[in-house]
Amino acid sequence: MILIVFKYLTPRGFRGLTFYPFVFLADKNDKLNKVFLNHEKIHIRQQLELLIIPFYVWYLLEYLFRLVQYKDKFSAYKNISFEREAYANEKDLDYLNSRSFWRFLQFINI
């Protein structure tokens, strides 16, 4: 994971964006935030599991599905399976040591 502080690459209202192997941060202070970094590490693992490009295709398609479902951008984002897994486990700093392969599938909410 390579951390880069560059607020212009992070979408408005977000603290970071993970694009394997980079994590773009809006605020340099987040380099020290273990919970935030763990969230982004979970995304790195998800991207590797899906061989990177398919991750982004899945992410976009699920976001569009959730947007139709919830009719709200923020709710759509929060209900993407990858985000649900990351938010649910970001405080568990040992999560990645015991995480099973393709664990995000358990967070799909139809």
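The values are calculated or read from the model by the stated rules, or taken from the named source; none is laboratory data. From a predicted model like this one, the values you see are computed outputs, not experimental measurements. Neighbour counts are summed over all protein chains in view; Cβ atoms, including those assigned to glycine, are modelled from backbone coordinates with ideal geometry.
Out of all the residues in the stretch 1-56, which are within 20 Å of residue 75 (Cα to Cα), among the basic types (Lys, Arg) and surrounded by 13 or more Cβ atoms within 10 Å (Cβ to Cβ)? Residue satisfying the conditions is 15 alone.
The single condition among (1) without any contact (Cβ under 8 Å) to a residue 24 or more places away in the chain; (2) of a type in the set (Ser, Thr, Tyr); (3) more than 23 Å from residue 25 (Cβ to Cβ) that residue 81 does not satisfy is (1).
Quick grid of which residues meet (1) closer than 24 Å to residue 101 by Cβ; (2) touching a helix residue (DSSP H, G or I) at 6+ places or on another chain (Cβ under 6 Å); (3) among the charged types (D, E, K, R); (4) not in a helix (DSSP H, G or I):
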{"residue": "30", "(1), (2), (3), (4)": "no, yes, yes, no"}
{"residue": "35", "(1), (2), (3), (4)": "yes, no, no, no"}
{"residue": "39", "(1), (2), (3), (4)": "yes, yes, no, no"}
{"residue": "44", "(1), (2), (3), (4)": "yes, no, no, no"}
{"residue": "57", "(1), (2), (3), (4)": "yes, no, no, no"}
{"residue": "62", "(1), (2), (3), (4)": "yes, no, yes, no"}
{"residue": "67", "(1), (2), (3), (4)": "no, yes, no, no"}
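Of the residues examined, residue 99 is not one that is modelled with pLDDT of 95 or more, surrounded by 14 or more Cβ atoms within 10 Å (Cβ to Cβ), touching a helix residue (DSSP H, G or I) at 6+ places or on another chain (Cβ under 9 Å) and over 16 Å from residue 1 (Cβ atoms).
Kindly indicate whether residue 109 is among the polar types (S, T, N, Q) and under 23 Å from residue 3 (Cα atoms). No; evaluated as a whole, the condition is false for this residue. Taking the stretch 69-90 as the range and being part of a helix (DSSP H, G or I) and either in contact with a His (Cβ under 6 Å, 6 or more places away or on another chain) or not charged (D, E, K, R) (or both) as the test, the residues that pass are 69, 70, 74, 75, 76, 77, 81, 82, 86, 87, 88, 89. Every listed requirement among (1) over 25 Å from residue 91 (Cβ atoms); (2) of a type in the set (A, V, I, L, M, F, W, C); (3) over 13 Å from the mean Cα position of the chain (by Cα) is met by residue 32 save one, (1).
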